[in-house]
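Working notes, beginning with the structure itself.
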Amino acid sequence: MVEPQLHRVTLPNGLRVVLAPDAAGQQRGRAPVVGVSVHYDVGFRSEPEGRTGFAHLFEHLMFQGSESLEKLAHFRHVQGSGGTFNGSTHQDYTDYYELLPSAALERALFLEADRMRAPKITEENLRNQVDVVKEEIRLNVLNRPYGGFPWILLPPVLYSTFANAHNGYGDFTDLEQATVDDCAAFFDSFYAPSNAVLTVAGDIDVDHTIELIHKHFDDVPAREVPERPSFAEPFPTSEQRGKHVDPHAPLPAVALGYRLPDPVGELKAYLANVVLAAVLSDGDASRLQQRLVHQGSLVVDVHASCGLMGAPLDARDPDTFTITAIHSPEVECERVVSAVDEELEKLATDGPSTEELTRVTARWAATLHREHDRVLSRTLDLGSAELLHGRAELVAELPRLISEVGVEEVASAAKALRSDARAMLEVEPANNSTGGAA
């Protein structure tokens, strides 16, 4: 894949713009489509105490019309153009995006500028979306086996501050107590143009796209945004343990959580952990799959990853290395954890083999190229990299950076995953539990 040449513009109101046109060679045989995304620098960690789930709730409100468009108009305009759209809330950002035929680019830009200018925040819309979010929580967490495992359940064990430990999906009481004034204050604080990155990728003409962006976004009023606080907190100095009773889980499970190097300031060390996670659980030949599934029959599922949301480089510091396993009731949790520790110790002592490194880095490179060959994936990754790292170019550099991770770096990453500085969360099926949830 030929990576696009990036172009940047910053509007007078502070909005940062990244443009990634398809290269001339790519346009032949490619569908004429364009991706548009807006990443706002606000996520779960920015919501105030007493308002858990507020960032996600506000994402829903941004689809409820504006001062100039009625409710559901966004849906109608995008789908009527043959496009798709959505949004998502993460630890450190919220994104909104459209994928449309390139002829409909201006429509997408108008829609994003329109709701950046003045979303329709009313009591009716708020109460309706509180109910929608509560139903989403019931469906995805409360009534689903292993709901919230590990991204909701593990942070309170590993972290001590509200920003890092609380439930980003939201507590029902907090959601119900949200007011229109709360929403207006949240919008004023975090949804200013200078707190956002607009990304446009695909079949575009750069000069024409810049003209359209100025046309639709220049008159969005500039606003001051609060300085982003540091969410850093000390690393744990002992193993932290917790338990959770899951009434829907058929089998017990365990999650181990470790602090990662700063993904922005210590990128090389962070990427060594990305490779380590792949060595541990990516494919049938991986260390934990072989040891815990195929040889020992200790677990029915095991997975290692960087990032609570399941993807690496999706958050700033602090970030989390997770290992999760689902096992039978006949296998004690401590036996599973001991086997994980033994594999980590082997990697810390000897590192992975050259064959392992070659296999996982080649697979990572292939996956990255395949993902970035899709316009929407490329658009979203460029936007998040620009927002979190200040460098959308990182997206094109990752295959090379991953391939440069060596045996020693992976061994050092494994050595840093210490049993005396981690969180351990046990999930017990309700019919097997002997106590309440921690």
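The values are calculated or read from the model by the stated rules, or taken from the named source; none is laboratory data. Worth saying up front: this structure is predicted, and the values here are computed from it rather than measured. Quick reminder, even Gly has a Cβ in these numbers, built from the backbone with ideal geometry, and neighbours come from all protein chains shown. For the accessible areas, the whole protein counts, side chains as well, though only heavy atoms, and no ligand, DNA or RNA atoms are used. Shrake-Rupley method; radii C 1.70, N 1.55, O 1.52, S 1.80 Å.
Which members of the range 68-85 meet the condition of being open to solvent by 40 Å² or more (accessible area, probe 1.4 Å) and in contact with a Pro (Cβ under 8 Å, 6 or more places away or on another chain)?
Gly82
Residues being open to solvent by 10 Å² or more (accessible area, probe 1.4 Å), part of a helix (DSSP H, G or I) and in contact with a His (Cβ under 7 Å, 6 or more places away or on another chain): count how many of those fall in the range 130-160.
The number of residues fulfilling the criteria is 1.
Could you list, ordered by first residue, the pairs with Cβ atoms under 6 Å in which the first is in the range 371-388 and not assigned by the TED database to the domain that holds Leu19 and hydroxyl-bearing (Ser, Thr, Tyr) and the second is assigned to a helix (DSSP H, G or I) and open to solvent by 10 Å² or more (accessible area, probe 1.4 Å), at least 6 apart or interchain?
If the second residue must be assigned to a helix (DSSP H, G or I) and open to solvent by 10 Å² or more (accessible area, probe 1.4 Å), the pairs left are Ser377/Glu371.
Tell me which strands (runs of 3 or more DSSP E) are completely within the range 166-269 and hold 1 or more residues being among the aliphatic types (A, V, I, L, M) and closer than 30 Å to Leu105 by Cβ, or say none if there are none.
Where strands (runs of 3 or more DSSP E) fall fully within the range 166-269 and carry at least 1 residues being among the aliphatic types (A, V, I, L, M) and closer than 30 Å to Leu105 by Cβ, they are 196-202.
Pairs, please: C-beta under 9 Å, at least 6 apart or cross-chain, first residue without any contact (Cβ under 8 Å) to a residue 12 or more places away in the chain and in the range 319-346, second buried (at least 23 other Cβ atoms within 10 Å of the Cβ) and not in a helix (DSSP H, G or I)?
none
Among the residues of the range 86-103, how many are without any contact (Cβ under 8 Å) to a residue 60 or more places away in the chain and surrounded by fewer than 21 Cβ atoms within 10 Å (Cβ to Cβ)?
3
Out of all the residues in the range 197-213, is one or more over 29 Å from Asp373 (Cα atoms) and either polar (S, T, N, Q) or buried (at least 17 other Cβ atoms within 10 Å of the Cβ) (or both)?
no
With the structure loaded, tell me whether Ser377 is open to solvent by 20 Å² or more (accessible area, probe 1.4 Å), touching a strand residue (DSSP E or B) at 6+ places or on another chain (Cβ under 9 Å) and among the hydroxyl-bearing types (Ser, Thr, Tyr) or whether it fails that test.
Against the criterion (open to solvent by 20 Å² or more (accessible area, probe 1.4 Å), touching a strand residue (DSSP E or B) at 6+ places or on another chain (Cβ under 9 Å) and among the hydroxyl-bearing types (Ser, Thr, Tyr)), Ser377 qualifies.
So which residues in the range 282-317 are assigned to a strand (DSSP E or B) and surrounded by 22 or more Cβ atoms within 10 Å (Cβ to Cβ)?
Selection gives Val299, Val302, Ala304, Ser305, Cys306.
Given Val264, Val279, which one is closer than 30 Å to Glu393 by Cα, open to solvent by 50 Å² or more (accessible area, probe 1.4 Å) and in contact with a Lys or Arg (Cβ under 9 Å, 6 or more places away or on another chain)?
Val264
Where residues in the range 422-438 are open to solvent by 20 Å² or more (accessible area, probe 1.4 Å) and modelled with pLDDT of 95 or more, which of them is farthest from Gln5 (Cα to Cα)?
Glu428
Criterion first (modelled with pLDDT of 95 or more and of a type outside the set (D, E, K, R)) does Gln295 satisfy it?
Spelling it out, it is not the case that Gln295 is modelled with pLDDT of 95 or more and of a type outside the set (D, E, K, R).
Checking Ala31 against (1) under 28 Å from Thr367 (Cβ atoms); (2) modelled with pLDDT of 95 or more; (3) surrounded by fewer than 17 Cβ atoms within 10 Å (Cβ to Cβ); (4) of a type in the set (A, V, I, L, M), only one condition comes out false. Which one?
In the conditions (1) under 28 Å from Thr367 (Cβ atoms); (2) modelled with pLDDT of 95 or more; (3) surrounded by fewer than 17 Cβ atoms within 10 Å (Cβ to Cβ); (4) of a type in the set (A, V, I, L, M), Ala31 misses (2) alone.
Being closer than 25 Å to Asp341 by Cα and in contact with a helix residue (DSSP H, G or I) (Cβ under 9 Å, 6 or more places away or on another chain) narrows it down to one residue among Leu394, Leu417; which is it?
Every option except Leu417 fails the conditions.
Glu355 - would you say it is at pLDDT 95 or above, surrounded by fewer than 22 Cβ atoms within 10 Å (Cβ to Cβ) and either within 16 Å of Ala413 (Cα to Cα) or not aromatic (Phe, Trp, Tyr) (or both)?
Considered against the rule, which asks whether it is at pLDDT 95 or above, surrounded by fewer than 22 Cβ atoms within 10 Å (Cβ to Cβ) and either within 16 Å of Ala413 (Cα to Cα) or not aromatic (Phe, Trp, Tyr) (or both), Glu355 comes out as no.
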